[in-house]
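> The following block contains the structure, expressed as structure tokens.
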Amino acid sequence: MKQETPGATHLELKQQGQPLPDPLIKRFAAAVGAAYCYSRPEQLRTYESDGLASFRATPGVVVLPASTEEVVACVKLAREAGLPIVARGSGTGLSGGALPIPGCVLIGLSRMRKILEVDYDNAFMRVQPGVINLDVSKHIGPQGWYYAPDPSSQSVCTIGGNVAENSGGAHCLKYGFTVNHTLGVRVVLYDGNVVDLGGAVADAPGYDLAGVVVGSEGLLGIVTEVVLRILRKPEATRTFFATFPSTTEAGNAVSAIIASGIVPAAIEMMDTLAIVAAKAATGVDWPEVGAALLMDVDGVAQECEHTSAVAVEMARKAGALEVRVPRDAAERELMWKGRKSAFAAVGRIARNYLVQDGVIPRSKIAQVLQEIAGLGQRYGLRVANVFHAGDGNLHPLVLFDGRDPEEERKAEEMSGEILRICLRHGGSITGEHGVGADKAAYMPEMFSSQDLDTMQLVRCAFDPAGTFNPGKMFPTPRLCGDKPGLYRPHPSEVSGEAWRA
Amino acid sequence: MARVTPGSIEEAQALLAEGGRRVLFVGGGTALPPGPPVDLEISSEKLDRVIEYEPADQVVMVECGMRLATLQRELAKHGQRLALDPPQPDKATLGGIVAANSFGPLRTRFGSVRDLIIGVSVVRADGTRAKGGGKVVKTVAGFDLPKLMCGSWGTLAFIATVTFRVHPLPEEAVTLCARGGDPLELVRRVRAQQLEPAAMLAISQAKGWDVYLRFEGFAAGVRAQRDKLRDLEESAWPDPAPAGARVRFGALPTHAAQVAKALAPLGARLEWLPTLGLGFASRATVDPAALQGARRELAALGGWLAADGDWGPAPGSLGLQRSVKQRLDPAGVLAPGRFLV
């Protein structure tokens, strides 16, 4: 995804749809209230893009329903009019999941922000999709509970958006992603029917369709209620910050810590450029070294003391230059602020940058970072790395100057090459930002056409009309009437052990 | 009815591609629900290899017919384990465990199959081989086919290979038992004291429950937690229920007492995971009338009960469930009559 500091880039993609007829707009206005139905060009402009700001398209109408019933009414109206539907939370997504289809009905869920139920004994919470991620933990924090998934955008992103993207965050290494903390969802389907999938009572007979809806990037329906798993806060958290001569030593430290049997709550790595950027943005007093690790262990206090001591020892053995332990909660918070603001901070050291989101087996971190550095040299571009080292989820930021179209083109190409490196090492094209509009073209490099056909069958089971977010995630749109042909293996596959990439 | 034991996934694929036959996939047979006759049984017995295991990445990919106990021995050589402990690990296969969403008390800490599976490859009813997820612990590319396979009871596709996240073996473990304890009270106490048991299991007794807790991890943490529950005696982990009819049920954790009352007429040994609200009732035979009565009472509490391929009333999402089945197995040949869909 592309981030811009002010100043237009050249390859900006903007699509305009036909304006919708007035009588139709009036019907939408009647469904949600005129104050929450936008159709004037200057109103629509706000919704032209999400966090992937270089892709823009104008919706036909924006509606902000306040209830499941109003969502149903909007879905039915859109269906009657034959218009595609795109759902949107806060629009912080980095892959264009909430990018409008030109002329679509954009359903914003930001008004549905009620916390409906909190049940500590049964460890769940029922919320509307527009509730902000951080507000969930704030709501239950005073009682000593929290909600685990913590994307860096957690102070603005919504639970509904998290569900759509199966959002992760720094602490998902130990605690898992949104899908591991979503017990159930209420979904409005393409025909306006409402279904409850999963729920507070575990394992009710039936397929795990809630598990399929989480991470489906808005292609299966509109989620209007979510049952979240909540957790009792751990007794203790220990944080340390360690600096290294290069990412190689830091990568080795991560491997050694994990190999010692510790499951850290989070281990984040930053390279020199990312450190410089974080310093410029937040005023942390970090030395400008080759690499830094920020690590949390949490749990029972005595266990934390033990694991943090072991981890510090491992970091030192791997070649740490310095290990810092925060003196108090405020200092710890500042360290994490430095890390979490790193993407935006890179805007201070480069005019434009592309954020990549690839995954590799964590044992390959040092090797892959060297390969990426090699790519940077070949393309003549700087790369900042700030990422979730514990689970091998890389976020290389390719820096460029958007005023130079050739440099921008090279940056795009190089960013794609980084994904190919991840795939060559057995990884993934996205660890948490999603496929969306940004990476649909890369799906065939990770999945065979049979894999994609199978996923399309699931999509057709939910949404045979292709109403929701068409054109996202899958490289080649297919109508649900099309029968995917029976797969015939290539002779080379039959002969060897090899399987399709 | 023919039973075939393919020696490779390609052979299984070829068998399905022939089409026109009702098929049942058979693993260890520990959880296979009864149902109408089929034309072909495909056994996973010979598909029992570890395909890839990289201890440093804590990821293992296996063929579906591998027995859980065999895998655990392999992982233990590197100080690791799959944090899943369903019954009969010597028999249960990993493909079957995924298909049946099997679990044991470790689910308390580590979650169920869906929380540990990261990738899957399947053969669809028409012989098409497809995969979802990946080989890294974190990926959000594409729909989550691995989760769709969890608890699908062989009705959507043949689960050919499975990739799991694995965990380090704990350095130390201790089991405590609260005899005649109240599961809910103990859960509250554990949370108030911020303890983190790896497993909690309540077993019904003539009067009330015996509640077991197991702490696992580094010695320092295990001992500290043990010391905070000084009034509880150390104990061996309870024996698994003898094989026989196994009824599964679920309800809110706070309904433990009502659940015990509802299931009392079964005269079965009850196992209850008190943090999760899931349980098993085990007995040689179960009286159908008592079962229906118990189900009605659980349903009134918002819970459910399933026994031997009898899944109870259809959920509100049945139409959507059927639509998924219809798309993936349009001729309805996979495990017919074995699941509610």
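Laboratory data are not the source of any read-out in this text; all were calculated from the coordinates shown. A quick note: this is a predicted structure, and the numbers were derived from the prediction, not measured. FYI the Cβ positions are ideal-geometry reconstructions off the backbone, even for glycines, and counts take in every protein chain you see.
> Less than 12 Å from a label point 7 Å out along the Cα-to-Cβ axis of B:D48: which backbone N atoms in region B:75-104 qualify, by residue?
Inside the label zone: B:90-94.
> Please list the non-local residues whose amide H lies under 5 Å from the amide H of A:G299, H modeled 1.01 Å from N, same-chain partners needing a gap of 5 or more.
Placed amide hydrogens put A:E235, A:A236 under 5 Å from A:G299.
> For the protein assembly as shown, build the charge dipole from Cβ charges (+1 Lys, Arg; -1 Asp, Glu) around the Cα centre, then report which of A:C422, B:S323, A:S153 sits farthest towards its positive end.
B:S323
> Can you tell me the orientation of helix A:365-379 relative to chain A, as the angle in degrees between its alpha-carbon axis and the longest Cα principal axis, to the nearest 10?
Orientation of helix A:365-379: about 70 degrees from the principal axis.
> With the cut-off at 30 Å, report for chain B the share of all Cα pairs above it, as a whole percent.
Here the long-distance tail beyond 30 Å is 39 percent of all Cα pairs in chain B.
> So, one more: Shielding by partners for B:216-223, please: the mean number of other protein chain Cβ atoms within 10 Å of each residue's Cβ.
That works out to 6 on average.
> Scan around A:T224 for amide H atoms under 5 Å from its own, H built in the peptide plane at 1.01 Å from N, and keep only partners 5 or more places away or cross-chain.
Amide H to amide H, under 5 Å and 5 or more residues apart or across chains, A:T224 pairs with A:R186, A:V187, A:V188.
> Step through the table entries A:K317/B:K138; A:K233/B:K147; A:K174/A:K233, compare each Cα-Cα distance with 18 Å, and write down the pairs that go over it.
The pairs that break the limit, which is 18 Å between Cα atoms, are A:K317/B:K138; A:K233/B:K147.
> Also, quick follow-up: For region B:194-341, what is the relative contact order in percent, using Cα pairs closer than 8 Å and at least 6 residues apart in sequence? Write out the running numbers ahead of the final one.
Numbers: 186 pairs, mean separation 31.3, N = 148.
Once normalised by length, the contact order is 21 percent.
> With a/c under 1.5 counting as rounded, go ahead and sort region A:2-108 into rounded, prolate or oblate using the C-alpha gyration tensor (a ≥ b ≥ c being the square roots of the eigenvalues; past the cut-off, prolate if a/b is larger than b/c, else oblate).
Note, shape of region A:2-108 comes out prolate.
> Distance from the Cα centre of region A:14-88 to that of region A:113-156, in angstrom?
So the separation of the two Cα centres works out to 28 Å.
> Can you give the average number of partner chain beta-carbon atoms within 10 Å of each beta-carbon in peptide B:57-64, as a whole number?
For peptide B:57-64, the averaged partner shielding equals 3.
> Suppose a student asked you for the relative contact order of region A:241-331, using Cα pairs under 8 Å spaced at least 6 residues apart; what percent would you report?
The normalised contact order for region A:241-331 reaches 46 percent.
> At B:Q292 and B:K228, where each label point lies 7 Å from the Cα along Cα→Cβ, what is the point-to-point distance in nanometres?
About 4.8 nm, to one decimal.
> So what's the back-of-envelope 222 nm ellipticity for chain B, counting only DSSP H runs of four-plus at -39500 (n - 2.57) apiece and dividing by all residues, rounded to 500?
Result for chain B, helices only: -7500 deg cm²/dmol.
> Mind listing the phi-derived Karplus ³J(HN,Hα) values for region A:280-291, rounded to whole Hz, using 6.51, -1.76 and 1.60 with θ = phi - 60°, and x for any glycine or proline?
4, 8, 10, x, 5, 9, 8, x, 7, 9, x, 7
> Using a ≥ b ≥ c from the Cα gyration tensor of region A:63-138 (square roots of the eigenvalues), is it rounded, prolate or oblate, where a/c under 1.5 gives rounded and otherwise the larger of a/b and b/c decides, a/b for prolate?
Oblate shape, in that a/c is at least 1.5 and b/c is the bigger or equal ratio.
> When DSSP beta bridges are limited to those with both residues in chain A, what percentage is antiparallel, rounded to the nearest 5?
On the way: 59 of 70 bridges.
About 85 percent, rounded to the nearest 5.
> Mind listing the lone cysteines of chain A, meaning no other Cys beta-carbon sits under 4.7 Å from theirs?
Result for chain A is A:C37, A:C74, A:C104, A:C157, A:C172, A:C304, A:C422, no neighbouring Cys Cβ within the cutoff.
> Gain in length, A:E69 to A:R382, computed as 0.36 nm per residue apart minus the alpha-carbon separation, to one decimal in nm? Numbers along the way, then the final one.
On the way: separation 313, 0.36 × 313 = 112.68 nm, distance 5.00 nm.
So the extension gain works out to 107.7 nm.
> Between region B:135-211 and region B:276-341, how many Å separate their Cα centres?
With region B:135-211 and region B:276-341 each reduced to a Cα centre, they are spaced 21 Å.
> Mind listing the phi-derived Karplus ³J(HN,Hα) values for region A:128-145, rounded to whole Hz, using 6.51, -1.76 and 1.60 with θ = phi - 60°, and x for any glycine or proline?
7, x, x, 5, 6, 3, 5, 5, 5, 5, 5, 5, 9, x, x, 8, x, 10
> Using θ = phi - 60° and the Karplus form 6.51 cos²θ - 1.76 cosθ + 1.60, what ³J(HN,Hα) does each residue of region A:93-109 get, whole Hz, x for Gly and Pro?
Values, residue by residue: x, 10, 10, x, x, 9, 5, x, 8, x, x, 6, 8, 9, 9, x, 9 Hz.
> Suppose each label sits 7 Å from its Cα in the direction of the beta carbon; what would the A:D401-A:A35 distance come out to in nanometres?
4.9
> What full-extension length gain, to one decimal in nm, is calculated for B:R21 and B:A206 as 0.36 nm per residue of separation minus the Cα-Cα distance?
Using 0.36 nm per residue and subtracting the Cα-Cα distance, I get 61.7 nm.
> Moving to a separate point now. For region B:120-272, what does the alpha-carbon gyration tensor say about shape, rounded, prolate or oblate, given a ≥ b ≥ c as the root eigenvalues, a/c under 1.5 as rounded, and a/b over b/c as prolate?
Verdict is oblate for region B:120-272.
> If I model a spin label at B:E11 and B:W237 as a point 7 Å from the Cα along the Cα→Cβ vector, what separation in nanometres do I get?
3.5
> What's the average, rounded to a whole number, of partner chain beta-carbon atoms within 10 Å of each residue's beta-carbon in A:176-189?
Other-chain Cβ atoms within 10 Å of each residue's Cβ, averaged: 2.
> Same structure again: If you average the sequence gap of Cα pairs under 8 Å that are 6 or more apart and divide by the length of chain A, what percent do you get for the contact order?
14
> Does anyone have the angle between helix B:183-192 and the longest principal axis of chain B? Alpha-carbon axes, 0 to 90°, nearest 10?
It works out to around 80 degrees.
> Let me ask something additional. What do you get for the angle between helix A:449-462 and the principal long axis of chain A? Use alpha-carbon atoms, 0 to 90 degrees, nearest ten.
It is inclined by approximately 50 degrees.
> Grab the beta carbon distance between B:R179 and A:K337, set R0 = 51 Å, and tell me the FRET efficiency rounded to 0.05.
0.55
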